[in-house]
Amino acid sequence: MNKPAFQSRGKRVSSKEALFRIGEGVDKLVLLFLLGSVCLFVLWPMTCILLRSLHLSGGDGFTLSSYVQVWTKYQSALRNSLFIGIVSALLCTLFSVSAAVFLSTRRGWMKGLCMAVLLVCMVSPPFVSSLAYIQLYGRRGWITYRLLGLSWDPYNSWGVIWMQALSFVPMNALFLIGILSKLDGGSLRAARDLGARPGAILRDVVLPLMRPGILVCLLLSFVRSLADFGTPVIIGGRSTTLAAEIYLQVVGYSDLEKSSAMNMFLLVPSIAFFFLYRALMRRSDRLTEGARGKQESLSLPLFRCGPLGWLAVAMSLLFFVMMTLQYGCIFLSGFLKSTKGVYSFTLKYWHQLWTISGSTMVRSVIYSLIVSLGGTLFAMLFAYYMERRRVPGRSLFDCLVTLPYMLPGTCFGIGYILAFNHAPLKLTGTALIVMANMMFKQLPTSTKICSASLTQVPVYLEKAARDLGGGQMAVVRDVILPGLRPAFLSCFVYNFSSSMTTAGSIIFLIDPGRQLAVFKLFDAVYTGDYALASLIASAITVIVLAVEGLVFLISWKGAARRVS
Amino acid sequence: MYLELSHLNKRFEDREVVKDLSFGLERGELLCILGSSGCGKTTTLNMIGGFLRPDGGQILLDGEDITDLPPERRPVTTVFQSYGLFPHMTVLQNVTYGLKFQGCPRAEARKKGLRYLEMVGLKDYAAARIHEISGGEQQRVALARALIVEPKLCLLDEPFSNLDAALRVKMRRELKTLQRDLDMTMVFVTHDQEEAMILSDHMAIMREGRLIQYDRPMEIYHHPADAFVARFLGVKDLIWEPDGRLLKVIRDGGAE
């Protein structure tokens, strides 16, 4: 009598079992897809550069001739890259540390204003600093020529150094502000309690605790300077750098062996610095761990800190004044026309913008939206598998996914050309390769945002879901993804602004028939059409701010509805 | 009186945190300020340490008005609840940091630092980094760092709250011995009734920013000022050591 009941129960169990199996299968497939993509889109392109530079994939056998050629022919570019990189990294770090300390000790409207300036810098496209440089300090510059009546040649290494240094500051400063906000207020109070005056606190406690962070800034700025081809091409004049030469090589001659070898000169130090960077980040985390992250401002009266304090204040003020001038100039000059030295308001360029670049703008936005969604989802899943699951080769994959953070854009771009220009993976000329490139270039930061957010999701929630009968997929769907909601927002916003403004890595991948806004901007600057360039730059900035504002509004409204 | 607080007031926005607080303490004595969280005890400590400026009232230390002195110029040091140790320095560098501002030569500072480390039983850890030592050891470093500058007054803000029960009992005893040996005047803030009764020469019981009772612990035990104090202490029985020191307080579940 018992038998039928037993059987039917057995049947139900087995169908449940099947569902479970499917879930586990999907789980494995997702993991394989993630790991496979990382290998294909990060590791493989890098390998291709190495092989090509040694002529191993061309067919004429192993030779170092390209290296020899680059080493002998580009001595001055190599030296220049090194010189500009070192000086601009030092200058940039000085600015960044000053601005970070200054902003962390400030509160109220002044801080709000400065943070707004930093935000605008973060979401504005590259090349704007060069563009503003020419308009403000150039041959017919507003300041050098019209205000001071100077006539000088602005196209040299020092212009490049200054503009690079200034344009790397916002990211570094925000990074350092993050470190400062995690500093243990107790250490500062203890130092004060033991008799340390503000200057001594800054020197003995604040700066030493920031030291790994400061070194990271130096490294990042140096690598960014090495990778930057836009600034030297536009305002470098006769002083050229390796990155600028790579750009000219690929655009002009398409000698891929030679440009691979040139890229190796950038790639090797970048990878070396990448490992240094990871070690420094670990040290920085250790110095700030255990401190309770209360979001209070640093209680340090900077004006009573002696010469160091005054230096920080002066450098930050200089930075913010220059940034305000820069963006004021960009926003204004799109609407001004000059006839015989007299400026008047015009909408001429405004009309030009929409007739010439309208569709490009729309394309940029669409690409960026797709990359933001895809990249965010990828990063969330990847962070989950890395943080919570025992994946074989975890540290290797973690390292691989972070690698593009330090890779010069030109390397990442040329790697993609070499890796994906023949069957079965012929992607060159498609939109897919551009979006994949953007996504993997931005993945290091996206993954980091998600991992940080994941640490807020307690492990016992996962255990509870499994304990109550949910499989792996249920854990992801019901615990992990909802827990990552806040990360989704910041990830999306980061991805969107980066995709709208990235230039370095995709400049070689863009199909001429499917331009993006950033390259219209580059062309306009390069051909001297400064008013149109300014307008494109402003338009990009405004679009990014608008879309991000919209995303925040939607999520805020959504949250409000859920609460009510 | 060596330390004298008179009519201290402090408000945060519209909330009065400390109301008309006055008491005094003799040199070489240990005072415990006892109360549940939010009673204003830490605010009081911060005013003595100079991290908060009182809205009204006066603080005298050894005959000097220190009400308006900033922390770095007060002859007062604090052992913070979170210790506030410098993570980028070694144990010895942490301990000797305050000597820098007293013009103490480096060699002498080192010698003195080692002596104080020995006093708290950490001589072998001089070169260790802060993250390499345990919570209890960090606690001792913080204590040595506060005492080495020979302050006129040492403040302790729930210093044992991050330690487990057994360690807390041990540290309690060590602190008391150290305080007697150095003849150090201390103000100790806690919400632990037993800790207060065992450690203190005087106890100040606070509630909602007011001082409810101020006396020797046994006086408070035998003659609680009101039903609140009696309930708050909640002492059921006391266990004494052979030498007459209080060993343990047995509480009847203690309604806080």
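FYI, it's all coordinate maths here, none of it is from the lab. No experiment lies behind these values; they were computed from the predicted model shown. For neighbour counting, all protein chains shown are included, and Cβ atoms are generated from backbone atoms with ideal geometry for every residue, glycine included.
When the alpha carbon gyration tensor of the protein assembly as shown is reduced to an equivalent ellipsoid, the three semi-axes, largest first, read 58, 36, 26 Å. Angle check, please: helix A:517-526 long axis (alpha carbons) against the longest principal axis of chain A (alpha carbons), in degrees 0 to 90, nearest 10. Value to nearest ten degrees: 20. Sorting A:Met406, B:Met89, B:Met203 from the fewest to the most surrounding beta carbons within 10 angstrom yields B:Met89, A:Met406, B:Met203. The angle separating the long axis of helix B:135-147 from the principal Cα axis of greatest extent in chain B is about 90 degrees. Neighbours of B:Tyr125, meaning other residues whose beta-carbon lies under 15 angstrom from its beta-carbon, give a summed charge of +2 when Lys and Arg score +1 and Asp and Glu score -1. Taken one residue at a time, the phi angles of region A:151-159 give Karplus couplings (6.51, -1.76, 1.60, θ = phi - 60°) of 10, 9, 9, x, 8, 7, 4, 5, x Hz. Gly and Pro are set to x. Every helix of 4 or more DSSP H residues in chain B counts as -39500 (n - 2.57), and over all residues that averages to -9000 deg cm²/dmol at 222 nm. Between the helical axis of A:128-137 and the longest alpha-carbon principal axis of chain A there is an angle of about 10 degrees.
Sorting A:Val547, B:Val169 from the fewest to the most surrounding beta carbons within 10 angstrom yields B:Val169, A:Val547.
Counting only aspartates and glutamates at least 8 places from A:Lys463 when in the same chain, those with an alpha carbon closer than 14 Å to its own are A:Asp478.
Phi-derived couplings, Karplus 6.51 cos²θ - 1.76 cosθ + 1.60 at θ = phi - 60°, listed residue by residue for region B:165-178: 4, 5, 5, 4, 4, 5, 5, 4, 5, 4, 4, 4, 4, 4 Hz, with x used for Gly and Pro. Simple point charges give the picture: +1 on the Cβ of Lys and Arg, -1 on the Cβ of Asp and Glu, and for chain A a dipole about the Cα centre of about 1440 debye. In terms of its C-alpha gyration tensor, chain B has an oblate overall shape, because the principal axis ratio a/c (a ≥ b ≥ c, square roots of the eigenvalues) is not below 1.5 and a/b does not outweigh b/c. Taking a straight Cα-Cα cut-off under 15 Å and skipping sequence neighbours fewer than 8 places away in the same chain, the aspartates and glutamates within cross-link reach of A:Lys73 are A:Glu245, A:Asp255, A:Glu257. Cβ crowding within 10 Å ranks A:Trp350, B:Trp240 as B:Trp240, A:Trp350, fewest other Cβ atoms first.
Whole-Hz Karplus values for region A:32-42 come out as 4, 4, 4, 5, x, 4, 4, 4, 5, 9, 10 Hz, taken residue by residue from phi with 6.51 cos²θ - 1.76 cosθ + 1.60 and θ = phi - 60°; glycine and proline positions read x. Under the simplified labelling scheme, the A:Gln69-A:Leu553 pair shows an inter-label distance of 5.5 nm, with each label point 7 Å from Cα along Cα→Cβ.
Within a straight-line Cα-Cα reach of under 17 Å, A:Lys520 can be paired with the following aspartates and glutamates, leaving aside sequence neighbours fewer than 8 residues apart in one chain: A:Asp511, A:Asp529. Exposed loop sites were defined as GluC sites (Glu not before Pro) in DSSP loop states (anything but H, G, I, E or B) carrying at most 14 other C-beta atoms within 10 Å; in chain A the longest segment without such a site runs A:1-288.
Since only A:Met439, A:Ile86, B:Gly136 are under comparison, the one whose Cα sits farthest along the positive direction of the charge dipole of the protein assembly as shown, derived from C-beta charges on Lys, Arg, Asp and Glu, is A:Met439. Charged neighbours of B:Gln213, selected by a Cβ distance under 10 Å, balance to -2 (K, R count +1; D, E count -1). Please identify the longest segment of chain B free of exposed trypsin sites (Lys or Arg not before Pro), where exposed means a DSSP state other than H, G, I, E or B and no more than 14 other Cβ atoms within 10 Å. Of all site-free stretches, the longest is B:28-244. Amide hydrogen proximity for B:Lys248: with H placed 1.01 Å from N in the peptide plane, the residues at 5 or more positions away or on another chain lying under 5 Å are B:Ile239.
Electrostatic tally near A:Gly138: other residues with Cβ closer than 13 Å to its Cβ, Lys and Arg +1, Asp and Glu -1, net +2.
Given a cut-off of 24 Å, name the pairs among B:Lys112/B:Lys248; A:Lys258/A:Lys426; B:Lys100/B:Lys152 whose C-alpha atoms lie farther apart than that in the structure shown.
Beyond 24 Å between Cα atoms: B:Lys112/B:Lys248.
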